[in-house]
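Asks: Please read through the structure below; I'll follow up with questions.
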Amino acid sequence: MEIIKGGVTAAKGFCAAGLNAGIKNNEKKDMAMVYSEKPCVTAGTFTTNKVFAAPVKWDKDIVANSPFAQAVVVNSGVANACTGKEGDDACAAEAKAVSEALQVPESAVLVASTGVIGAQLPMDKICAGIKELPKKLGSSLEHGTLAAEAIMTTDTVDKQVAVQIEVGGKTVTVGGMCKGAGMIHPNMATMLCFVTTDACIKKDALQKMTKAIVSDTFNMISVDGDTSTNDTVLVLANGMAENDIITEDSKDYQTFYDALFYVLRELSKKIAGDGEGCTCLFEVQVKNASTKEQAKVLAKSIVTSSLTKAAIFGHDANWGRILCAMGYSGADLEPEKVDIYFESEAGKLKIVENGKATDYSEEKATEILSKNPVIAIADVKMGNEEATAWGCDLTFDYVKINADYRS
């Protein structure tokens with residue numbers, strides 16, 4: 001697998017664009033479009049929040065029932081959530097406008113929104129943007145970056161990843177973009193993520209692997225414990241690499257799985273590392289658990305602990321908060337067996353052995369915790385399973401950002 005520069009335009013046949021449609025203001029880009037020359041097999045995962053946005057409802061239907069998809073249109077600034085029938089009608093109107101602009105079926109158009117909950121989409125601006133976006137479509141890295149920038153809300157950087165692999169002698173590319181910095185605690189997906197690939201793959205195989213990978217990547221990150229109304233991951237495969245079709249039973253399934261896993265994992269980490277107001281990515285590794293589920297529960301409990309996150313911000317090796325978070329997680333635990341380490345580019349330090357503090361140097365611990373990223377490792381000595389979760393520290397700026405988000 002080769003890591004390359006790029007995002008949604010890296011794979012053959014995909015174009016993208018981003019522009020300012022005036023949804024937020026007259027300066028920031030706030031609409032993006034992704035388009036494939038060929039129809040795409042599509043997979044998706046979505047929020048399990050009972051309060052879900054109109055685009056989630058629309059896209060679930062397209063992924064489940066449409067024979068193919070060919071375009072995605074995204075806006076930032078307004079979430080189109082809690083908007084009733086008017087919100088549903090807005091999705092249909094967007095699909096119709098894209099259909100007319102790109103000459104694709106309405107059933108081949110996916111829509112997504114992110115921003116303030118409860119506000120109606122300004123459809124005059126949305127439709128005007130849809131008319132302009134096709135004129136700006138392009139397949140360069142710059143075009144992909146413009147799209148990635150247009151879907152940002154409180155993100156401080158655009159988030160893109162791409163890789164290439166060999167499948168049956170053909171070069172296959174997988175690239176993606178995502179956005180997310182706050183309201184991050186996914187359950188079946190995370191914020192907005194769009195992945196494109198020129199692989200030829202069966203729909204059921206793509207859906208199966210997407211769901212499995214999301215469980216170990218996007219579902220293992222947290223910034224603030226809030227699961228969004230709009231969480232969506234969409235994967236589009238147009239087959240233009242002309243490889244032998246990948247099925248669940250083919251020898252190339254695992255090769256493609258690994259590539260998609262890498263892209264989704266790195267995008268997940270970019271979201272966690274760009275958490276609102278954060279100063280560092282916080283990674284938690286749980287090792288030697290009795291089951292995979294136990295490892296996941298423990299890792300997520302640590303990475304979501306507000307007290308632990310605050311300690312990471314303060315560069316304080318307050319390991320009691322980690323052990324406490326493990327104890328209330330609900331997972332089986334023998335605390336007298338647990339070893340805990342902190343690790344960063346400044347080194348690795350064992351601070352707990354068999355449930356008790358070691359004679360570690362507080363100065364060295366502070367040095368390790370002052371770097372980015374910071375890794376906490378918990379060895380529970382109960383089996384051979386492991387899991388990793390990603391989050392960030394909790395800072396003063398998180399409160400400042402969310403205290404006046406609507407303004």
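Asks: Since T227 meets every condition but one in (1) closer than 20 Å to V8 by Cβ; (2) at pLDDT below 95, which condition does it not meet?
Replies: For T227, the failing item is (1).
Asks: Step by step: first the residues of segment 191-219, then only those that are assigned to a helix (DSSP H, G or I) and touching an Asp or Glu at 6+ places or on another chain (Cβ under 9 Å), then the one that is surrounded by the most Cβ atoms within 10 Å (Cβ to Cβ). Which residue is that?
Replies: Among those that are assigned to a helix (DSSP H, G or I) and touching an Asp or Glu at 6+ places or on another chain (Cβ under 9 Å), it is F218.
Asks: What single numbered condition from (1) touching a helix residue (DSSP H, G or I) at 6+ places or on another chain (Cβ under 9 Å); (2) over 15 Å from S113 (Cβ atoms) fails to hold for F46?
Replies: (2)
Asks: Pick out the one residue from V303, V297 that is of a type outside the set (K, R), in contact with a Ser or Thr (Cβ under 8 Å, 6 or more places away or on another chain), part of a helix (DSSP H, G or I) and under 14 Å from L281 (Cα atoms).
Replies: V303
Asks: Under 7 Å between Cβ atoms, which residue pairs at least 6 apart in sequence (or on different chains) link something in segment 47-70 that is closer than 17 Å to F218 by Cβ and of a type in the set (S, T, N, Q) with a partner that is open to solvent by less than 70 Å² (accessible area, probe 1.4 Å) and not in a loop (DSSP other than H, G, I, E, B)?
Replies: Partner pairs satisfying both residue conditions: T47/V56.
Residues checked against (1) modelled with pLDDT under 95; (2) more than 16 Å from the chain's Cα centre (by Cα):
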site	(1), (2)
A128	no, yes
E132	no, yes
K135	no, yes
G138	no, yes
E142	no, yes
A148	no, no
D158	no, no
I165	no, yes
G168	yes, yes
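Residue-wise test of (1) closer than 21 Å to G275 by Cβ; (2) not aromatic (F, W, Y).
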{"residue": "R321", "(1), (2)": "yes, yes"}
{"residue": "A325", "(1), (2)": "yes, yes"}
{"residue": "A331", "(1), (2)": "no, yes"}
{"residue": "E334", "(1), (2)": "no, yes"}
{"residue": "G347", "(1), (2)": "no, yes"}
{"residue": "V352", "(1), (2)": "no, yes"}
{"residue": "Y360", "(1), (2)": "no, no"}
{"residue": "E363", "(1), (2)": "no, yes"}
{"residue": "N402", "(1), (2)": "yes, yes"}
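Asks: Contact list please: Cβ distance under 6 Å, first residue in segment 288-315 and more than 21 Å from D224 (Cβ to Cβ), second residue open to solvent by less than 50 Å² (accessible area, probe 1.4 Å) and in a helix (DSSP H, G or I), pairs at least six apart or on different chains.
Replies: A289/A295
Asks: Only one residue in A376, A310, A365 is outside any loop (DSSP other than H, G, I, E, B), of a type in the set (G, A, S), at pLDDT 95 or above and under 16 Å from N288 (Cβ atoms), so which one is that?
Replies: A376
Asks: Applying the selection to segment 230-248, what residues are of a type in the set (D, E, K, R) and modelled with pLDDT of 95 or more?
Replies: The answer is E242, D244, E248.
Asks: Ok, one more. Is it fair to say K96 is touching a helix residue (DSSP H, G or I) at 6+ places or on another chain (Cβ under 6 Å), assigned to a helix (DSSP H, G or I) and open to solvent by 50 Å² or more (accessible area, probe 1.4 Å)?
Replies: yes
Asks: Here is a further query. Quick one: how many residues across segment 388-398 are open to solvent by 10 Å² or more (accessible area, probe 1.4 Å) and either touching a His at 6+ places or on another chain (Cβ under 7 Å) or within 14 Å of K296 (Cβ to Cβ) (or both)?
Replies: Final tally of qualifying residues: 2.
Asks: Further question on the same structure: Of the numbered conditions (1) assigned to a loop (DSSP other than H, G, I, E, B); (2) surrounded by fewer than 24 Cβ atoms within 10 Å (Cβ to Cβ), A81 satisfies every one except a single condition; which is it?
Replies: Status for A81: all satisfied but (2).
The values are calculated or read from the model by the stated rules, or taken from the named source; none is laboratory data. This is a predicted model, so every value here is computed, not measured. Here Cβ is always computed from backbone atoms with ideal geometry, including for glycine, and neighbour counts include all displayed protein chains. The accessibility values were calculated without ligands, DNA or RNA, using every heavy atom of the protein model including side chains. Shrake-Rupley method; radii C 1.70, N 1.55, O 1.52, S 1.80 Å.
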